Structure formats: C-alpha cells, structure tokens
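Worksheet: one structure, shown below.
The values are calculated or read from the model by the stated rules, or taken from the named source; none is laboratory data. None of the values given here were measured: they were computed from a predicted structure. FYI the Cβ positions are ideal-geometry reconstructions off the backbone, even for glycines, and counts take in every protein chain you see.
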Amino acid sequence: MKRIIFLIAGLVFSISCMSQQPNLSSVVSIKLPDKAEKLNRTQSSSYLKENFKKSKVPLDKENIYIKDGVIISFWDLSVSGDNKRSLQNSKAELLEVLKIDKNLKVNEANIITINHNQFLVINYQEGDEVYLRFYSDYKNNKNISGLIQFKKPDEDKAKGLLDTLLKTIQFKN
Amino acid sequence: MKQFYLKPLTFRLIIVLMVMGLALIIHSCKKDNHNIQSETISDPTVMAAKQWYENSYAGAKVNKLSTQSIGHESKDWNKIFSPYWDKSVAFVSKDMTIVEAQALKKGDMAFSTLTVDSNKFDFSHSNSITSLLIIKQQNTFGIYAMTIMADPSYLKGDYGKLKNNTYRNRDKDFTGAVFYHSLDGTFINGWQYVNGKVTTPLYEGNAPDATNQLVVQSTGNQKTNTTGCTATMITTFWQNCAYYENDPNFQHPFDCYYYTTQTIYNSCGPTTPGGGGSSAPPPCTVPVGGGSTVPDNVNKVVMVVTPDPPPIDPGGGITPPAPPGTPPNPCPTKTVVDTIFIDPCAQKVSVNSKAANSTIAQQNNQIRANTGANEYGTEQNLSTFPGSTYLNTPVRTDGSPNTFNFNLTWNSTNGYTIGMAHSHPGGSAPSPADVFIMIDNLITNQQLRTSGATAINFYKKNVSLTVITSISTYIVTIKNWDAFQASYSTYSDNNAAFEANYINTAATNQSTEYALLSIFGSAINLYKASPGSTNFIPLTINNNQVIALPCP
C-alpha cells in the first residue's frame with residue numbers, strides 16, 4: 001500500500017512539474033493569466049501590424065502573450081545603484097517625457113501596492129489604442145516592467161488582466 | 001496465487017531511479033534565461049582598436065530605432081560591416097599592430113562570379129568570406145574589409161575551407177583572389193592567387209590599356225585582351241535585413257531583401273606565380289605621420305587620413321613581388337577630413353571648471369531654486385570671444401512646464417552663446433530636441449555661421465547643454481560632430497519618429513538617461529552631478545545599465 005501511495009505521489013508531482021509555467025523572469029515569480037497564449041517575435045509583429053496602428057511592445061522581449069485581443073508583455077530591468085530612482089521620481093520623469101509627444105494622452109498614473117509590492121502604473125493612449133505600463137519597485141537593484149496594449153473598448157478587460165498579473169508577482173530572494 | 005513482492009534491492013533501485021527521474025523532469029521544466037552578454041575585451045590592443053573604431057565610425061551606431069536596418073542598396077560598407085570584437089585576434093607583423101576581426105554583418109554580402117537572381121543566391125554556399133583588419137602603425141589606425149574569394153577548383157564544393165584562410169594563414173593550395181576595400185566601399189587593391197602564391201595585382205574597372213582591346217579569349221564572364229589583362233565581372237550579392245536593437249550580433253534577421261551590384265576587376269601581367277609567401281604582398285605602406293589617432297586630449301582635433309592599402313604579411317620571408325607601378329595605381333589618393341573627437345574623461349575637467357564658474361554656478365542655482373511647475377533657463381554667454389568670462393544673463397521662464405526658448409547670440413553686445421541651461425521639472429534627462437539646439441544654433445544663427453572657421457571650431461569644441469532637475473544636473477557636449485550631424489539629419493527628416501523612439505526607449509527602460517545615451521551613441525558625452533555639485537561624472541551604457549564611466 002505504501003508503495004502505491006508513493007508511486008501516486010511521485011506521479012502527481014511529476015505531472016504538476018510538467019504543467020508548471022516556465023521561469024518567466026529572473027527577478028520575480030510571475031504567473032500568466034489563464035489561457036494567455038505566447039507569441040513569438042514573428043507572431044507578435046504580425047498580430048500588432050494587423051490589429052494596431054502603432055505598437056510600443058518591445059518585440060525583442062521574450063515574454064509577449066495575447067489573451068482576448070489584449071497584448072501582455074513584460075521584462076526584467078536592472079539599474080546601477082547610483083542611478084536608481086524612486087517610483088515617485090520615475091513617475092514624474094516618465095510623465096514629463098510622455099508630454100513630448102502631443103499625440104499621447106496620459107489617462108492616469110498611480111503608485112499602487114499589491115501584496116506588499118509597489119508598482120507604478122501609467123495608462124496612456126494614442127487615438128483609440130491604449131497602453132498600460134507597469135514598473136515594480138526595485139529589490140537588489142532589479143525590478144520588473146511591462147506593457148499591456150489594447151484597444152479602448154478592451155480597457156476593463158486589460159485592467160483586469162493587469163491586476164491578475166500583478167497579484168501573482170513575488171520577488172525572488 | 002503468485003505474489004509480486006519486490007525484493008528490497010530492486011525496490012531501492014526503483015526509488016533511486018524515480019528520484020533521478022523527478023530531478024530530471026524538474027530540471028527540464030526550468031527555462032533558461034538567456035541574457036545578452038556584454039562584450040568583454042581584455043586584450044589592450046583590441047581595446048585600443050575598438051576605441052579608435054568607435055570614435056571613427058560612431059555614425060554607424062546612432063539613430064537606432066526600434067529596429068535597425070541599413071538603407072536600401074547601401075554601398076556604404078560601414079553600415080553593413082562592423083568588427084566582431086569577441087572574435088578578433090591581435091598580432092604584430094613587421095612594425096604594425098594588426099587586429100583581425102570577423103565581420104559582423106547586418107545582412108550578408110558575398111562576391112561571386114555567378115549571375116543568378118539576387119534572391120536566389122545561397123549565402124550559405126558562398127565562396128567568399130569578409131573580415132576586417134584594423135591596422136596600427138606609429139599611432140596611426142586604418143581599417144579595411146578583406147574579402148577572400150576562392151576559386152571553385154580550390155574549394156571543390158567544401159565551403160568550410162574558406163575559413164582556413166585569414167590574413168596570417170592561407171592554405172598552401174589556395175587559388176582565388178583577395179580584395180581590400182575601405183569601409184566606404186572604395187576598392188583599395190587586390191591580388192590573385194594560384195596554389196597559395198600571389199600571381200597578379202587586381203584593378204577595378206578598366207585595366208591599363210584595356211579599353212577597346214581585341215578580345216582573344218572569352219570564357220564565361222572573363223575576357224582577356226591583347227595586353228594580357230583579364231577582366232572578370234564580379235557580382236556582389238547583398239542581403240539587407242532589419243534587426244532588433246538588442247540583437248547586437250545580428251543573429252535574427254527579418255524583413256530581408258536582396259540586390260546585386262557588379263564590378264569589373266582586371267588582373268594584368270603574367271599569371272605564373274611571381275613569389276610571395278603564404279599571403280599577398282604589400283603594394284603600399286601605411287603613411288607615416290598621417291592617419292587618425294586615438295583621442296587622448298581634451299578637444300583634440302584629429303586629422304583622419306584615408307590610409308594607404310593594408311600591407312600583407314609576407315609570411316615565410318619570401319620576397320613579395322614588386323608593387324604594381326603602372327597606372328591605375330592601386331594606392332588611393334589621401335583625403336583629409338577634419339573632425340573632432342572629445343574624450344569624456346579628458347573633458348570632465350573643463351566641464352567641472354565651467355560649472356564651477358561663479359556666474360554659471362549662480363545661474364544654475366537660481367534655475368534649480370525655481371524648479372517647480374514651469375521650466376526656467378538662461379543662456380551661457382561669453383562676454384568676449386575667445387574668453388572665459390560669462391555675462392550674467394537673466395534666469396527667466398516662458399511660463400510653460402515643457403518648453404523654454406533661448407535667445408542665442410554671437411556678438412560683442414549680447415555675448416557669445418556657448419551654452420544653454422534650463423530646468424526639467426519632472427526630472428528627466430535632456431531630450432533630443434534639447435540636445436539638437438546646439439546644432440540648430442550653428443545652422444540658423446547667422447552671426448555665428450558667418451563668424452569664420454575659428455569661431456565655429458571654438459563653438460563646436462565648447463558648446464554644452466545643461467539640464468537642471470531637483471535631483472540631478474546634466475550636461476551634454478558633442479563628442480563627435482560627424483555622428484551628431486548624421487543624427488540631426490535623421491531627426492530633421494522625421495522628428496516625430498525620432499522623438500517617439502526616444503519616448504518609447506525611455507519608457508521601456510524606465511530611464512531617460514538610457515534613452516538619450518542609447519539613441520545618440522558616441523555622438524555625445526552625457527555628464528551628471530548631484531544638485532549643486534560641480535563634480536560631473538560621464539555616463540555610459542554597460543550591460544543594458546547606465547553607469548558612471550570609470551575615468552582614470
């Protein structure tokens with residue numbers, strides 16, 4: 001009997017391991033929203049060209065996904081200690097630089113706390129295409145940043161996906 | 001009924017195998033995170049060559065958009081080839097230091113005698129290979145693209161044999177040709193080889209007395225005239241692709257297109273081996289006293305001379321054939337180009353000195369004191385030219401949070417504007433539009449423009465742009481005016497796209513400093529100091545991070 005239990009436990013563990021999400025970030029553990037599909041560079045490029053007038057998604061990044069017409073991308077960042085800025089300073093800096101392009105309209109910029117992690121979230125749009133950028137605070141001079149791009153009618157859906165994503169983020173030790 | 005009880009040893013074996021299996025599965029579940037590694041060069045000779053190259057060819061690195069590609073049908077080899085420093089070797093031959101580097105190619109290029117459609121050419125079965133030679137002689141650098149084109153009789157279908165042939169080493173049975181080009185695509189010289197021996201020099205275009213000669217032999221794309229010159233039509237196949245910014249080794253091309261160019265090369269003279277060792281002979285030598293030098297002083301004006309063709313290591317000490325003496329002389333005409341390179345570490349002294357000037361410091365403090373909702377600024381005007389006394393121009397605002405208009409002058413009444421300072425209430429680094437004020441002034445300020453070469457050179461060497469924020473002070477100077485002007489040209493063509501790229505780079509990397517340095521490359525020097533400090537530190541990008549440039 002013990003052997004059977006042991007075998008079943010091993011099998012369950014193996015299956016759970018095989019179904020786990022790959023290591024998406026070296027800075028944080030992060031879980032993708034259910035049924036988010038990974039896009040490779042060609043797929044990302046094609047989809048964005050066909051569905052958006054402009055794209056700010058960095059196609060060189062590994063983590064680009066789509067769910068229900070919403071593009072989700074994120075990547076690790078690192079900073080030298082001398083050049084580290086607080087999220088408040090980053091917010092002011094990025095809002096200032098976004099003002100350079102008169103076609104961009106900043107809808108909101110907030111610093112929020114989720115699971116003891118602070119994030120700067122900036123929502124801006126160009127025409128009917130909206131961008132949600134997020135930046136976590138630093139831990140050991142590293143952080144995670146991302147961009148969610150979508151059409152204006154998908155805004156609620158996109159905000160929900162961002163919320164889901166940020167709730168899964170835990171810094172690695 | 002037979003019971004299947006496992007023996008203890010078998011059971012333990014199964015346990016061990018299961019644990020190993022689980023470990024394997026867990027390990028395989030983990031995905032590698034491949035980060036781009038920055039180049040680490042330890043050889044000081046290669047480092048010096050790299051420094052010279054980056055100063056001389058900075059234009060090739062600026063103006064990167066979200067993707068990078070070369071222009072259609074570019075013949076500027078500099079935009080296609082760059083040295084692969086990680087795959088370079090340095091050695092000394094005669095009195096020259098030579099760095100031979102594999103060529104990093106934006107796309108591909110191959111020489112061939114084939115005349116197939118450009119989009120049908122198979123670059124993986126090319127019979128040519130191009131590498132770059134950076135040669136230093138008496139503190140004079142030059143760079144050449146060396147293209148080795150093998151004859152099918154030598155390759156015998158084994159395209160891997162091409163890599164046996166480098167500047168220093170050549171297969172004893174190598175038959176083919178070696179071409180040298182400068183990075184603007186100009187043919188320098190070339191040599192034919194038969195069984196590892198140099199036979200004849202190559203000339204581009206018409207050979208001596210080759211015009212309207214009776215063709216006595218015509219096979220394929222080769223024609224031999226009565227003077228013994230053999231003309232060969234070489235087709236250059238080009239592959240032009242786009243690459244992503246973080247693909248520094250151009251390994252993932254996309255949106256490729258293809259085209260060809262054709263050139264006639266003539267080989268004249270006897271085709272019997274005339275000597276030579278493992279390599280071709282030197283037709284000329286690197287000029288003494290000319291050429292560009294590694295910048296080592298503040299505001300050093302460097303004369304860039306197109307050096308003579310690269311000498312070839314004669315190898316085994318066999319006397320090379322005499323250089324060709326009949327026209328057209330393969331030695332290029334020297335051309336002199338004035339340019340200015342300013343080393344950021346060397347310039348740091350003058351940047352700090354200017355910031356410490358009592359008038360400038362007072363202006364900067366006043367601007368910082370007004371760092372609120374709107375931008376404040378002023379001009380840094382010398383009272384005399386040349387001189388070091390600044391006029392106390394008033395600090396003011398246009399009442400705007402994101403614009404400030406300068407009043408730039410170049411006269412004895414209002415002063416000689418040699419710098420511009422203003423605030424960024426949000427704390428961002430200088431924007432492209434800020435930086436381009438320095439060249440705008442040079443183009444649009446009639447008084448400056450007509451003030452003569454001395455004044456313009458003084459302006460180019462000393463102009464600076466200061467941006468003051470509540471947490472930092474930034475100063476930008478121009479490191480390389482050629483590269484800066486190239487960047488300005490791109491900006492002028494489409495400033496919306498240029499600025500959109502800057503904004504997106506800043507937002508993606510959470511840093512306007514990063515965006516500025518990334519977009520302008522080595523065209524500018526960017527310094528930063530704490531508020532009120534006059535200890536400005538040059539910044540650079542290393543491993544995708546903005547860091548303080550270590551200065552000696």
Is there a residue being on the phi > 0 side of the Ramachandran plot and out of contact with any helix residue (DSSP H, G or I) (no Cβ under 7 Å at 6 or more places or on another chain) anywhere in the range A:139-162?
yes
Which numbered condition B:ALA429 misses (of (1) under 23 Å from B:ALA356 (Cα atoms); (2) more than 14 Å from chain A (Cβ to nearest Cβ); (3) in contact with a Phe, Trp or Tyr (Cβ under 8 Å, 6 or more places away or on another chain)):
(2)
Residue set B:LYS479, B:LYS460, B:LYS528; condition within 14 Å of chain A (Cβ to nearest Cβ), charged (D, E, K, R) and in contact (Cβ under 8 Å) with a residue 24 or more places away in the chain; output residue B:LYS528
Within the range A:88-97, is even one residue farther than 25 Å from A:LYS167 by Cα, more than 9 Å from chain B (Cβ to nearest Cβ) and polar (S, T, N, Q)?
no
Tell me whether the range B:370-384 contains one or more residues that are free of Cβ contacts under 8 Å to residues at least 12 places away in the same chain and surrounded by fewer than 21 Cβ atoms within 10 Å (Cβ to Cβ).
no
So A:ILE64 fits all but one of (1) touching a strand residue (DSSP E or B) at 6+ places or on another chain (Cβ under 6 Å); (2) buried (at least 20 other Cβ atoms within 10 Å of the Cβ); (3) within 12 Å of another protein chain (Cβ to nearest Cβ); (4) not in a loop (DSSP other than H, G, I, E, B); what number is the exception?
(3)
Any residue in the range A:145-158 that's within 10 Å of A:ASP68 (Cα to Cα): show its pairings with residues that are among the small types (Gly, Ala, Ser) at Cβ separation under 7 Å, as long as the two are six or more apart or on different chains.
A:PHE150/A:GLY69; A:PHE150/A:ALA158; A:ASP154/A:GLY69
Of all residues being within 7 Å of chain B (Cβ to nearest Cβ) and out of contact with any helix residue (DSSP H, G or I) (no Cβ under 8 Å at 6 or more places or on another chain) in the range A:11-35, which is modelled with the lowest pLDDT? Just the residue, please.
A:ASN23
Could you tell me how many of the residues in the range B:497-525 are within 8 Å of chain A (Cβ to nearest Cβ), buried (at least 22 other Cβ atoms within 10 Å of the Cβ), of a type outside the set (A, V, I, L, M) and assigned to a helix (DSSP H, G or I)?
5
Considering the range A:113-128 alone, what residues qualify as being touching a helix residue (DSSP H, G or I) at 6+ places or on another chain (Cβ under 9 Å) and either more than 13 Å from every other protein chain (Cβ to nearest Cβ) or among the hydrophobic types (A, V, I, L, M, F, W, C) (or both)?
A:ILE114, A:ASN115, A:ASN117, A:GLN118, A:PHE119, A:LEU120, A:VAL121, A:ILE122, A:GLN125, A:GLY127, A:ASP128
Within the range B:125-179, work out how many residues are at positive phi and not basic (Lys, Arg).
4
Can you tell me which residue is farthest from the other protein chains (Cβ to nearest Cβ) among those in the range A:68-87 that are crowded, with 20+ Cβ neighbours inside 10 Å and more than 16 Å from A:SER136 (Cα to Cα)?
A:VAL70
